[in-house]
Structures are given as C-alpha cells and as structure tokens.
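To start, the structure itself, in structure tokens.
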C-alpha cells in the first residue's frame, strides 16, 4: 500500500490546534470599570462644542446617563431622569446625559422638545462609550461619587424618580454606596 504524504496536512493540523487553543483562552472581555475604583478621566464635548472635564463636577454625586435618540428605552427614561434632576439638590448632585448621536442640533432640538434641561454632552464616535467605558447596551447609567470613584451602575432603562432612587442617591452621597445595589434592573436597549 502506498501512503501519500500531503505536505499541507501537518500545517493544517497545526492551524487547527492553534485555533482551538486560542479559542480556549478567549473569554468575554472583562468589564473595564470596577466599583470602588476611580472612574476614568473623561473630557466631554458639549452640545455647543466646548470641552468639559468630568472632574469639573467633582464634589457632587454624578449620575452619568449614556443614551441616544435612536434607542427606544433611552427615550422612554428621559422624562423620569428630568424629574429626578429637578428633585435633587444641585449643590450635591448632577445628572449628566451623554448622547451617542452624531448631530448636535438634532440632540439639542430633541431635548428642548421634551423639556430636558439637565446638562448633556456628545460622544459622536462612541469613543467614550465603547473604548473607555466598554459599553455593550444602552442606556447605561453610572453613579460617580463626589471623590470620582465609581459607586455603581444601572444597565438599561428604569424609572429614575421613584422614592427608592432618591433615598439610594442620598445615602450614596453620605457614603453608603451599598444603597445603590438594591436598585431595579434596567430594561435593555440597543447594543
């Protein structure tokens, strides 16, 4: 019996083994943000084009909501975020929107038409959302302590202006970030 040796057979097996081993080491990328650690230093682009560092809000508990006009759950939660923003003491808290939309004029008009008055910024190319925050779903909301540490996060849309939220934020401002763990889970949007 004549046995044929195919020169590529060994190379093919080597490729299969390498791919299999590479697949074994691949896992879901870790979340880039860790509760209790410093939140990334962000430079936010205002709807007016001006850059504002996130550190400008240091000393306040920041509720950073990442949203888009094309995201139905994001649109649904905006009115409750607006009501929350008017319920909080603006010397201790700030609600910040970070829109993933491209068009600053469209975002400005959208917010105006819906009576949203809290400050909003743009992340046109998703540089912050994808590359810095590692987001996979929208909306995504981050609670950042007065000292700049990440206190917690809600992925998905929720009703922001209920009494439990107000109590949890007040407690978090006083240093009890555990109060944020009992918040409702969000309804997921687009990723």
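The table that follows gives values for the structure above.
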| item | result |
| --- | --- |
| Packing-based exposure ordering (other Cβ within 10 Å, fewest first) of 155, 66 | 155, 66 |
| Net lengthening on full extension, residue 117/residue 52 (0.36 nm per residue, minus Cα-Cα) | 21.7 nm |
| Cα extents of region 31-182 along the three principal axes, largest first (Å) | 39, 29, 27 |
| Contour excess over end-to-end distance, with Cα ends at residue 41 and residue 80 and 0.36 nm allotted per residue | 11.3 nm |
| Region 82-191 - percent relative contact order, Cα under 8 Å, separation 6 or more | 24 |
| Least to most buried among 77, 159, 109 (fewest other Cβ within 10 Å first) | 109, 159, 77 |
| Contour excess over end-to-end distance, with Cα ends at residue 163 and residue 127 and 0.36 nm allotted per residue | 9.6 nm |
| Residues 179, 87, 163 arranged by fewest to most Cβ contacts within 10 Å | 163, 87, 179 |
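No lab work stands behind these numbers, since they all come straight from the coordinates. Predicted model only: the values in this text are computed from it and were never measured. A quick note on method: Cβ atoms are made from the backbone with ideal geometry, for glycine too, and the neighbour counts reach across all protein chains shown.
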